[in-house]
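First the structure, in the form of structure tokens, and then the observations on it.
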Amino acid sequence: MAQGSNFVDYVKVCCRSGHGGAGSAHLHRDKHTAKGGPDGGDGGRGGHIILKGSSQHWTLLHLKYRKHIIADNGESGGSALRTGATGRDEILEVPLGTVAKDADTGEILFEITEDGQTKILTPGGKGGLGNWHFKSSTVQTPRFAQPGLPGKEEWVILELKVLADVGLVGFPNAGKSTLLSVLSAAKPEIADYPFTTIVPNLGIVSYRDNKSFVMADIPGIIEGASEGKGLGHRFLRHIERNSVLLFMVPADTDRTIAEEYEILWKELTAYNPELLDKPKLLAITKSDMLDEQLEQEMSEQVPKGIPYLFISSIAGKNITPLKDLIWKAINS
């Protein structure tokens, strides 16, 4: 996934579905029939606005400049019970993990999680009934029909939550981008300054027996991210869709490993307590300069009950065991 303006995870669009076509109040007439009965057809349905999941899209960039989405109106009914044409639907392809919300209330309408999955975002108006529906023993030639129902106009928010098997969680410069670049073909920006990663990056990690899993590098979290500080608040939602959380703490941290892990964990759970239920792993990065004694001493600082490894992306230390640990967690 490219860095910069090509990554768009939030758009607000005005959706207007099509009006339903009017029913026909036609009475049958031909050279053999001077006063035929009602034969007006129904009006066609107005076009829907539909979201469709697409695994070929990773961002909402293609919708960034489409502020107004308008579907076609349905056609009016005709004689001889002919139904009017249905208005053309507007189908918007969106990446997997897209959530649709009502812009006024913030209510979640639905989410798209599977390739090819479709959901009606804004339904079109129903077509009106033709006059043949209203004939009866007392009203044999009704000269009226139903108008079509109007379409709907509303502002909708589309919000992307990245779908990945494992999400990398850590402070800026914890080594998340470096690990992703080593494990996959992704080429995130890597440098020695805070917030190297400013958008989520995805990479496909190859595993043994032709298996693979998707890893997401989430922009660095800081203390107070759940309250809106730094970049973390904007991207915390992407962690919600990850199956496994891999916490990354550098061996040269100024805090203890337990303190750094606890701060990260508090920020995630303050944002969404449901993250408590996700499997958690811990990677102590930049550990290529540690000897066995230092690793033993630092192991005593690791929070109880969380699987962990000392790794070095640059030196390739424990990279294969880390993939084994992740694969086990994903499939547990």
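The values are calculated or read from the model by the stated rules, or taken from the named source; none is laboratory data. Since we're looking at a predicted model, the values are computed, not measured. When we count neighbours, we look across all protein chains shown, and the Cβ atoms used for this are built from the backbone with ideal geometry, even at glycine. The accessibility values were calculated without ligands, DNA or RNA, using every heavy atom of the protein model including side chains. Shrake-Rupley method; radii C 1.70, N 1.55, O 1.52, S 1.80 Å.
Name every residue in segment 26-66 that is outside any helix (DSSP H, G or I), open to solvent by 60 Å² or more (accessible area, probe 1.4 Å) and more than 23 Å from Q140 (Cβ to Cβ), in order of residue number.
Across segment 26-66, the qualifying residues are R45, K52, Q56, W58, K64, Y65, R66.
So for segment 225-241 (the condition being open to solvent by 40 Å² or more (accessible area, probe 1.4 Å), modelled with pLDDT of 85 or more and not β-branched (V, I, T)), does at least one residue qualify?
No, segment 225-241 has no match at all.
Here's the yes/no breakdown for (1) modelled with pLDDT under 95; (2) touching a Gly at 6+ places or on another chain (Cβ under 9 Å); (3) of a type in the set (K, R):
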residue	(1), (2), (3)
G148	no, yes, no
G151	no, yes, no
L158	no, no, no
N173	yes, yes, no
L180	yes, yes, no
T196	yes, yes, no
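Scan segment 67-107 residue by residue and report those that are assigned to a strand (DSSP E or B) and either more than 24 Å from V8 (Cα to Cα) or open to solvent by 70 Å² or more (accessible area, probe 1.4 Å) (or both). Reasoning before the result, please.
Looking only at segment 67-107, we keep the residues that are assigned to a strand (DSSP E or B), and these are 68-70, 90-94, 98-102.
If the condition is that a residue be assigned to a strand (DSSP E or B) and either more than 24 Å from V8 (Cα to Cα) or open to solvent by 70 Å² or more (accessible area, probe 1.4 Å) (or both), then H68, I70, I91, E93 are the ones that fit.
Please find, within segment 145-165, the residue that is nearest to S24 (Cα to Cα) out of those that are surrounded by fewer than 24 Cβ atoms within 10 Å (Cβ to Cβ) and touching a helix residue (DSSP H, G or I) at 6+ places or on another chain (Cβ under 6 Å).
Applying the filter and picking the extreme gives K161.
Please verify whether segment 294-305 includes one or more residues that are modelled with pLDDT under 95 and closer than 26 Å to L163 by Cβ.
No, segment 294-305 contains no residue that is modelled with pLDDT under 95 and closer than 26 Å to L163 by Cβ.
Out of segment 276-332, which residues are open to solvent by 80 Å² or more (accessible area, probe 1.4 Å) and among the β-branched types (V, I, T)?
I314
Would you please name the residue that is farthest from L179 (Cα to Cα), looking only at residues in segment 244-257 that are out of contact with any Gly (no Cβ under 9 Å at 6 or more places or on another chain) and surrounded by 14 or more Cβ atoms within 10 Å (Cβ to Cβ)? Reasoning before the result, please.
So in segment 244-257, the residues out of contact with any Gly (no Cβ under 9 Å at 6 or more places or on another chain) come out as 251-257.
In the following step, the residues that additionally are surrounded by 14 or more Cβ atoms within 10 Å (Cβ to Cβ) were identified as 251, 253, 256-257.
On the way: A251: 15, T253: 17, T256: 21, I257: 19 Å.
Among them, the one singled out is T256.
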